[in-house]
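The values are calculated or read from the model by the stated rules, or taken from the named source; none is laboratory data. These numbers come from a predicted model, not from an experiment. Every residue, glycine as well, gets a Cβ built from its backbone with ideal geometry; the counts of neighbours run over all protein chains shown.
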Amino acid sequence: MEPRQQDERPVESAAPEIRPDGELMRRASRECGVSLGACYGCKKCSNGCPLSFAMDLHPYQVVRLAQLGQIGELKRARTIWVCASCQTCLTRCPNQVDLPRFMDWLKQELAMEGGPVPEEKTLLFHRIFLREVASRGRVFEGSLMGRYMLATGGAFGPEAMKNARLGLAMFRRGRLKLMPSRIRDRRWLRALFAKPAHGQREARP
Ligand code: SF4
Ligand code: SF4
C-alpha cells in the first residue's frame, strides 16, 4: 500500500457532533414511565402506523431522536401532533415501547411551555379536551366540538353546515349524547389535576 502523502487529510464531516447524555431518556422513564432505551430500531411501529403518510418523522425516528437527546428536533416535528394515540405501534412493538404515551407526554410538555408548535389547531384541541376532562372527568362531544369550532371558525359558513351534518349523523348512530355526564368522585378528579404523577409537573389544562 502506498504511504499517505502529508497533505492527504481525512475528510471532516460538517454535521455537528452528537453526544447524548441520556437525560431525555431518564426524564421519559421517570415522568411518563416509558423505556425508550428498549427500542432496537426494528421499525415495526412505523410500518404499522396508519398516519405515517402525514408525518414528517416516522415513529421509530421519534424514539431514535429521543435516545440521542435531540429535544429541539422533536419540538419542531409535526409527528407529535399528528399522532392519534391509536396504540397500533405499541401493539406491534416487540419491546413494548409505549410511543403514544411518550408523544402525549411531549405534547403536554410543549403545551405547558407555551411556545409555537407546528400544529396550532391540534394544540387548541388538546387544551379544550383536557379542560373537558378536568371539569367533568368525561368528555362531552357537544361541548368539545362547540368550543373547538367557535375558536377555529368552524361554527360559521359552509364549514358549519358540514359539521352540523356530521353531528346529526353521529347522533343518529348513538355516538353523540345530548346531555353531559360526569364522574361521581369529584375529589379524586380535582386531586388528579392538582398533583403531579410520576414526578410530573401539575397537569394543568
Ligand atoms: S417497534 Fe418498538 S423496538 Fe421496533 S423501532 Fe418501533 S419502538 Fe423501536
Ligand atoms: S399511536 Fe400514533 S405513532 Fe402509534 S401507530 Fe397510532 S398514530 Fe402512529
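What's the total number of residues in segment 83-105 that are under 13 Å from PRO50 (Cα atoms) and part of a loop (DSSP other than H, G, I, E, B)?
5
Which residue, of GLN108, GLN96, is among the polar types (S, T, N, Q) and within 16 Å of ligand 1 (Cβ to nearest atom)? Outline the logic, then answer.
On the way: GLN108 fails: within 16 Å of ligand 1 (Cβ to nearest atom).
Answer to the check: GLN96.
How about segment 106-126: which of its residues are crowded, with 17+ Cβ neighbours inside 10 Å and in a loop (DSSP other than H, G, I, E, B)?
VAL117
Does GLU141 count as free of Cβ contacts under 8 Å to residues at least 12 places away in the same chain and acidic (Asp, Glu)?
Answer is no for this residue.
Check ASN163 against each of (1) in contact (Cβ under 8 Å) with a residue 24 or more places away in the chain; (2) not assigned by TED's automatic domain parsing to the domain that holds LEU57 and name the one condition it does not meet.
Every listed condition holds for ASN163 apart from (1).
Are any of the residues in segment 43-66 surrounded by fewer than 19 Cβ atoms within 10 Å (Cβ to Cβ) and within 25 Å of LEU176 (Cβ to Cβ)?
yes
Find the residue count for segment 32-52, including only residues that are among the hydrophobic types (A, V, I, L, M, F, W, C) and assigned to a loop (DSSP other than H, G, I, E, B).
5
Considering only residues that are more than 14 Å from ligand 1 (Cβ to nearest atom) and buried (at least 19 other Cβ atoms within 10 Å of the Cβ), look in segment 70-93 and name the one that is farthest from ARG19 (Cα to Cα).
VAL82
Residue-by-condition table, conditions (1) within 15 Å of ligand 2 (Cβ to nearest atom); (2) at pLDDT 95 or above; (3) outside the structural domain of ARG127 (by TED's automatic domain parsing); (4) within 25 Å of PHE193 (Cβ to Cβ):
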position	(1), (2), (3), (4)
ALA14	no, no, yes, no
GLU23	no, no, yes, no
CYS39	yes, yes, yes, no
PRO50	yes, yes, yes, no
GLN61	yes, yes, yes, no
GLY69	no, no, yes, no
THR79	yes, yes, yes, no
ASP98	yes, yes, yes, yes
